Each structure stands twice: as structure tokens, then as C-alpha cells.
Amino acid sequence: MRKTPLLTAALFCTATAAFAQDKTYTVALDGTFAPHAMPSLSGGVEGFNVDLANEIGERLGAKMDIVATQWSGILPGLAAGTYDFVVAPTTITEERAENILFSEGYLNTDFGFVVKEGSEEITELAQLDGKVIAVNKGSVYDSWATDLAEEIGWTVESYGTNADAVQAVISGRAHANVAGSTASAWAAKQSPQLALSYVHSTGLVWGMPFRTGDEELRASVESIIECMKIDGTMAELSVKWFGVEPAPGSAAVTPLPGFGEPGFKGHVEGGHTPSCG
């Protein structure tokens with residue numbers, strides 16, 4: 001008998017959930033990417049993606065062996081079988097989707113600006129004409145801001161770390177710092193001297209990478225991610241770590257039908273409706 005897509009998806013989730021009982025998944029993240037993962041005062045790592053990974057493990061009925069390592073080795077480690085899947089924030093791109101099986105997106109990968117508390121709110125980039133923008137040297141934000149310097153009219157100053165770039169805003173050496181929107185929200189949450197301002201949408205999202213061929217595991221984990229969007233858990237984690245409620249329609253609160261991110265290789269249409277059932 002030929003299986004329908006709905007029956008196949010149901011079998012995927014049922015089989016994987018049963019297989020997960022008493023199983024340990026080895027998952028990887030970058031332990032220096034605050035507030036997604038960072039050293040904890042009590043030892044180990046803490047952050048949004050650490051909580052996310054542990055919640056997935058709890059709902060799977062599985063143990064999560066969270067490995068904090070350098071970003072450069074995470075995706076090669078997945079390919080080599082060192083990790084079962086990756087819980088580090090990973091931007092879904094066409095190039096990566098050629099070799100990696102992605103879950104649907106769970107956070108938007110936008111650019112966020114922080115300014116000194118009390119500064120005029122930025123509603124468009126044109127307001128930054130003649131201003132100094134501080135960035136982390138060598139980051140994607142550095143290259144993006146530098147490429148726009150002539151068009152916008154701002155001056156870009158690069159610093160060794162984003163923490164130094166943020167300090168430049170606090171000290172008045174720069175008008176604004178641009179970084180990932182979640183990192184910017186974290187910086188503003190940590191310092192009363194800062195305020196989160198303009199957010200530049202990239203149209204990209206973070207998803208969880210799996211090895212091609214691990215469709216059953218992806219289906220099981222993605223179903224949990226979707227439920228976390230539906231029951232408000234993802235929004236609670238956003239408030240806890242970023243200090244902001246996810247915007248309506250954003251990836252953090254919008255479950256998608258099928259499996260994977262629409263428009264990218266590996267996406268499976270139909271046969272699955274997001275739910276907490």
C-alpha cells in the first residue's frame with residue numbers, strides 16, 4: 001500500500017519519539033555567542049539556545065549532551081557525524097541548504113542598532129548621515145555598514161569585539177552600534193545606558209541543521225519547535241534572554257506547514273499541520 005504524505009509524517013514523528021526514549025543526542029553550539037550561549041557563573045553554558053536545546057530534549061524524552069565549541073568546527077562536525085544535530089543559531093542560505101537539512105526558521109536574523117538612552121529614535125537609516133557607527137571588526141555587520149558608508153553618509157569604526165563597539169556608544173565615541181538584533185537587544189537589556197533602536201530586516205532566518213537523510217529526526221524536532229511557537233514557549237525565551245516580545249508574523253511565533261524552510265532545498269510541502277497535539 002502506498003503511504004500518503006500525512007501518514008508518512010505521522011509515522012516519522014511516532015517512530016522518532018519512541019526511538020528518543022532514553023536516548024542521548026549530542027548537539028553543538030558556539031559557547032561564546034551571547035545571549036544565545038555563553039559561560040555561566042555556575043559552570044557550563046547558558047543562553048537562549050541552551051534553553052531551547054534542553055526544552056527540545058525534555059519534550060523528546062531524551063538527554064541532550066550540549067557541546068560548546070568554536071563555530072568554525074560545528075557544521076563540519078555535523079557532516080562527520082560528531083553531532084546528531086546543531087542547536088547553534090545557523091542562517092539558512094541556499095548554499096548551506098545544498099548540503100544540510102534545515103528545520104523551519106525559529107528566529108529572524110535581522111540587524112539591530114543600539115544607541116545611548118535618551119537619543120532620538122532611529123526610524124530610517126538616513127537619520128544616521130554624518131554619524132559614527134561602531135561595529136565588530138571583520139563581522140558581517142562591519143562589511144554591511146562599510147558598503148553603505150558612501151550611500152548613507154555615516155562613518156564606520158571597527159572594534160576588536162562587539163562589547164568594545166557597544167562601549168564606544170556608551171562613552172560617546174560612536175552614535176550607534178549595529179550587530180545581530182538579538183545581540184543588540186541583549187546589550188540594551190544589560191545596560192540602562194543603552195536603548196534598542198532601528199531594526200534592519202534581512203529577510204533571513206535561523207534554523208536547526210541536520211544531516212541529509214535524517215528526515216525523521218528533523219520532523220520530530222521541528223514538530224516540537226512548532227509547538228513551542230504555538231504554546232508561547234518561544235516568546236517566553238525571547239523575553240527572558242532578549243527582553244523583547246517577538247513581533248507578530250516573525251519566525252519565533254509563526255509555525256509553518258510541512259517540514260523545513262519554504263523556498264529552500266529540503267523543504268517538504270504538505271502532509272503535516274503544526275500543532276501541540
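Considering only the stretch 130-242, give the helices (runs of 4 or more DSSP H) lying wholly within it that have at least 1 residues that are free of Cβ contacts under 8 Å to residues at least 40 places away in the same chain and under 16 Å from Tyr106 (Cα atoms).
Of the helices (runs of 4 or more DSSP H) lying wholly inside the stretch 130-242, those with at least 1 residues that are free of Cβ contacts under 8 Å to residues at least 40 places away in the same chain and under 16 Å from Tyr106 (Cα atoms) span 233-242.
Check Ser191, Ser201, Ser197 and return the single one that is surrounded by 17 or more Cβ atoms within 10 Å (Cβ to Cβ) and within 25 Å of Leu237 (Cβ to Cβ). Even if it seems obvious, please write down each step before you answer.
On the way: Ser191 fails: surrounded by 17 or more Cβ atoms within 10 Å (Cβ to Cβ); Ser201 fails: surrounded by 17 or more Cβ atoms within 10 Å (Cβ to Cβ).
Selected residue: Ser197, the only one of Ser191, Ser201, Ser197 that is surrounded by 17 or more Cβ atoms within 10 Å (Cβ to Cβ) and within 25 Å of Leu237 (Cβ to Cβ).
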- Message: So Cys227 passes all but one of these: (1) farther than 30 Å from Thr82 by Cα; (2) out of contact with any strand residue (DSSP E or B) (no Cβ under 9 Å at 6 or more places or on another chain). Which condition number does it fail?
- Response: (1)
- Note on the structure: When the stretch 81-128 is checked residue by residue, the ones that are surrounded by fewer than 14 Cβ atoms within 10 Å (Cβ to Cβ) and in contact with a strand residue (DSSP E or B) (Cβ under 7 Å, 6 or more places away or on another chain) are Glu117, Glu121, Thr123
- Note on the structure: Of (1) assigned to a loop (DSSP other than H, G, I, E, B); (2) modelled with pLDDT under 95, Ser72 satisfies every one except (1)
- Message: Here are the criteria: (1) under 17 Å from the mean Cα position of the chain (by Cα); (2) part of a helix (DSSP H, G or I); (3) crowded, with 17+ Cβ neighbours inside 10 Å. Tell me which single one Leu78 does not satisfy.
- Response: (1)
- Looking only at the stretch 199-243, which residues are touching a helix residue (DSSP H, G or I) at 6+ places or on another chain (Cβ under 7 Å), of a type outside the set (Gly, Ala, Ser) and more than 21 Å from Cys276 (Cα to Cα)? Val199, Val205, Pro209, Phe210, Arg211, Trp241, Phe242
- Being assigned to a loop (DSSP other than H, G, I, E, B), without any contact (Cβ under 8 Å) to a residue 40 or more places away in the chain and closer than 21 Å to Asn108 by Cα is the filter here, so list the residues in the stretch 22-54 that pass it. Gly31, Thr32
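The values are calculated or read from the model by the stated rules, or taken from the named source; none is laboratory data. Here the structure is a predicted model, which means the values were calculated and not measured. Note that each Cβ is placed from the backbone with ideal geometry, even for glycine, and that neighbours are counted across all protein chains shown.
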